[in-house]
Amino acid sequence: MTEFAEIWSYLSQGPLLWLTATLAAYGFGDACFRAAGRNPLANPVLIAVVVLAGLLWLSGTAYPTYFAGAQFVHFLLGPATVALALPLYDSIPQLRRALLPVLAALIVGSLTAALSALAIAHALGVSPEVLASLAAKSATAPVAIGIAERMGGSPTLTAMLVILTGVTGAVVATPVLNALRLKDWRARGFAVGVTSHGIGTARAFQVHPTAGAFAGLGMALNAIATALIAPFALSLFQ
Amino acid sequence: MLHALTALLLCQLAGEAAARSLSLPLPGPVLGLMLMLALLAGFPRFAALMRPVAQGILSHLSLLFVPAGVGVVGHLATLGGQTTALVLAVVGSTVLSIAAGAVTFAAVARLTGSRDD
């Protein structure tokens, strides 16, 4: 038992243990997601977060100790944002053929996402500091976290709101769009990508390939649009 | 792989430097994205170099927000009564923005004669 305690105290000091745990927990979450037939409710990030939070609680580990290991994964958010240029580059031909609808839907979708979220939260008495974490929630996580940090929001809360937005969009998109009787797969996919970033895009690819391609385009364009729209939207509520 | 990774980091570094020195409203990585997009459009051969590394990172994009996500668990207590309001704001705005974006796209596509093919 003392041996275990010694090994534990050694491993729990370095970054290796929690970096490994982060990858393993995500692998477990991803396996659950596949086993559930890629149901958007079985989100791998939510599963990984619950597993890791449980491990931290059971082992009495503080978040900064965990983050000393997990920061190597967190750091990749920046390079991943830059890498989004590649799918955007690949969709330039589709963008050319539908430039006006794409730009109009981008502006309307991105403004609606930020303004309606802030208006509802503000009306329900959410504090200004928390609103700063909410404004960018429709952008893909690395971008949303970057924007929220600049506006004085909390990166962790933003990450959670981004995931919640993604899962909600993936679940409600088909019923909402069917109720509106919209049959254009480009319109359906693009709106889901603008609103619900990568999680919505993954869902759109399951439904129809054209919807998936336009969802990817919507996600990449809204990464740029949100960086401009979120600070403006937030300024209206402060 | 080494060159592609270096190119990603260089774009981000240039983006961060530009964002700080010119105090631009965009985060550094978003400026890096735009710089990378300009490079890809200018040099099509560059896309073949970037593809394996970019796809590798993007295929596990959601892994990258696990560390920040774990932090929110400690945050929940401080949110208190605001949790319900935030959930309502997220769900409401998600439904509204999907509907508004899709209706706008379909309407403008009809006006400009852009067809789904």
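Here are a few things to note about the model shown:
- For segment A:95-206, the relative contact order comes to 26 percent (Cα pairs under 8 Å, sequence separation of at least 6).
- Relative contact order (percent, whole number), chain A, Cα cutoff 8 Å, 6+ residue spacing: 19
- Tensor-based shape of segment B:78-117 (alpha-carbon gyration tensor, a/c under 1.5 rounded, otherwise prolate or oblate): prolate
- Kirkwood hydrodynamic radius over Cα pairs of chain B, then Stokes diffusion coefficient at 10 °C and 1.306 mPa s, in µm²/s: 86
- Cβ-based net charge around A:LEU234, under 12 Å, with every Lys or Arg adding one and every Asp or Glu removing one: +1
- Value of relative contact order over segment B:1-63, rounded to a whole percent, pairs C-alpha under 8 Å and six or more apart: 32
- Summed side-chain charge close to B:PRO44 - residues other than B:PRO44 whose Cβ falls under 15 Å, Lys, Arg +1, Asp, Glu -1: +1
- Residue with peak Gaussian network fluctuation, chain A [Cα springs, cutoff 10 Å], from A:ILE163, A:ILE120, A:ILE145: A:ILE120
- Build a GNM of chain A with springs between Cα atoms under 10 Å apart, and of A:GLY37, A:GLY146, A:GLY109 the one that fluctuates most is A:GLY37.
- Rounded tilt (10° steps) of A:44-59 against the dominant C-alpha axis of chain A: 20
- About the Cα centre, charge dipole magnitude for chain A (Lys/Arg +1, Asp/Glu -1 at Cβ), debye: 1020
- GNM remark for chain A: springs join alpha carbons under 10 Å apart, and the peak mean-square fluctuation among A:GLY60, A:GLY200, A:GLY212 falls on A:GLY60.
- Values of log10 I(q)/I(0), in the order q = 0.09, 0.15 Å⁻¹, for the protein assembly as shown under a Debye, Cα-only, solvent-free model: -0.47, -1.31
- Net charge in the neighbourhood of A:HIS197 (other residues with Cβ under 15 Å of its Cβ; Lys, Arg +1, Asp, Glu -1) is +2.
- Inter-centroid distance (Cα atoms) of segment A:97-153 relative to segment B:1-63, Å: 23
- In the protein assembly as shown, helices alone account for a calculated mean residue ellipticity at 222 nm of -27000 deg cm²/dmol, with every DSSP H run of four or more residues adding -39,500 (n - 2.57).
- With a Förster radius of 22 Å applied to the beta-carbon distance between B:THR6 and A:ILE92, the computed FRET efficiency rounds to 0.35.
No lab work stands behind these numbers, since they all come straight from the coordinates. Since this is a predicted model, take the numbers as computed values, not measurements. Don't worry about glycine lacking a Cβ; one is built from the backbone with ideal geometry, like all the others, and counts go over all protein chains shown.
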